[in-house]
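A quick write-up on the structure given underneath.
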Amino acid sequence: MFDVDPVIWLQAWASPALTAVMNGISTLGYTRACVAVAALLAFGFRVRAAVPLLVLLALNGAFTDIAKTGASLERPDADTRVQSLSLWASELRHRDADTPTEVEDSYGFPSGHVSTTTTFAVGLALLLGWRRRGWTMAIVWIAAMGVSRMYLGRHFLGDVIGGVFVGLGTIAAAFTVLKLAHLVRESRKHHPWPAHRIMAIAIVLAGGALLVGLPDAGDAGRLLGTAIGALYLVRHDVFEREVTVPARAVLLIVAAAGFAAAWALMSAALEQASPDSVSALRLAASALPNAALLIVPALVPARLYAAREQQA
């Protein structure tokens, strides 16, 4: 499962068009891309299930970091026979040596793209109660991600299989221990303890990131920020409001603006950080934008929704 031959066989079919398609598929496997899609579902389409989906993505990122560091296995493109066809891999090679590199970008096993895709696709299927067609789409999506990562020279077959298991393990832990499915219900109908459990796990992992460097500070911060946002929504649930399509667009724009403003602020602070405080600031730089993504839309006064509904 950690043989380069399947990778070399896939790359024998390489062409500029196929490489562009595989890079496009691979881009959708980044946690940031999945978070953007989940935010679109949450505020653009009023899908309440997108909130626990955001928690799943953040939790998977932390678990993947721990697994990658524990295994510490090289990627197949370390072999000179394997072509490095990934656009993002080329960019990473040209980074300044002092630029922090996330665990997701270093070791190969398990595949972070595949674990993220598995978490997103299977989590969404469970949270939305998809039937056969939805599950078929989820399986095809995961398989396509695995093939793309092997074709691009970034992962072995064993890395892909490991990514599937990490994603499924994340979902199992979230649904059985954290009772994540409870967050899909309206806030007045569910107990806040699932959100408190998420916060407790987030604090433990954030402490691990600061004390021992595991998980990565960026992923630990993403989980902490999402947990803060989820806990806030338990008492200030923006999804309880019946709004029009224009109002949904406003919510989506406000969420994006809140995230962007927090990200810009923390990025500026990170650039001025001393080496001793980089980990703490990286954690905060990831936590604040993800908290703002959920909290800022909930701060929009309800009367603005009523006004827009009357205009519509």
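Where a number appears in this text, it was derived from the coordinates with a stated rule and is not lab data. Remember, it's a predicted structure, so these values are computed and weren't measured experimentally. Here the Cβ positions follow ideal geometry from the backbone for every residue, glycine too, while neighbour counts run over all protein chains shown.
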Using +1 at the Cβ of each Lys and Arg and -1 at the Cβ of each Asp and Glu in segment 5-311, identify which of L124, L214, L288 lies farthest towards the dipole's positive end.
-> L124
Please build a GNM for the chain, connecting alpha carbons under 10 Å apart, and tell me which residue among A291, A17, A261 fluctuates the most.
-> A17
Whole-Å semi-axes of segment 1-44's equivalent ellipsoid, largest first, each the root of 5 times a Cα gyration tensor eigenvalue?
-> 31, 14, 5
Rank V82, V254, V177 by mean-square fluctuation in a GNM of the chain with C-alpha springs under 10 angstrom and give only the top-ranked residue.
-> V177
For segment 5-311, compute Rh as the Kirkwood radius over C-alpha pairs and then the Stokes-Einstein diffusion coefficient at 37 °C and 0.692 mPa s; write the answer in µm²/s, rounded to an integer.
-> 164
For n ≥ 4 DSSP H runs only, could you compute -39500 (n - 2.57) per run for the chain, divide by its residues and tell me the 222 nm figure to the nearest 500?
-> -22500 deg cm²/dmol
Helix axis angle, 193-211 relative to the chain longest principal axis, alpha carbon, degrees = 40
Residue range of the chain that is longest and free of chymotrypsin sites (Phe, Trp or Tyr not before Pro) which are both DSSP loop and sparsely packed (at most 16 other C-beta within 10 Å) = 131-312
Taking only Cα atoms, what is the 0 to 90° angle, nearest 10, from helix 302-311's long axis to the longest principal axis of the chain?
-> 80
Cα gyration tensor shape of segment 117-158, rounded if a/c is under 1.5, else prolate or oblate by comparing a/b with b/c = prolate
Among H155, H236, H113, determine the one that fluctuates most according to a GNM of the chain built with springs between C-alpha atoms less than 10 Å apart.
-> H236
Whats the longest run of the chain with zero trypsin sites (Lys or Arg not before Pro) that are DSSP loop and have at most 16 other Cβ atoms within 10 Å?
-> 1-80
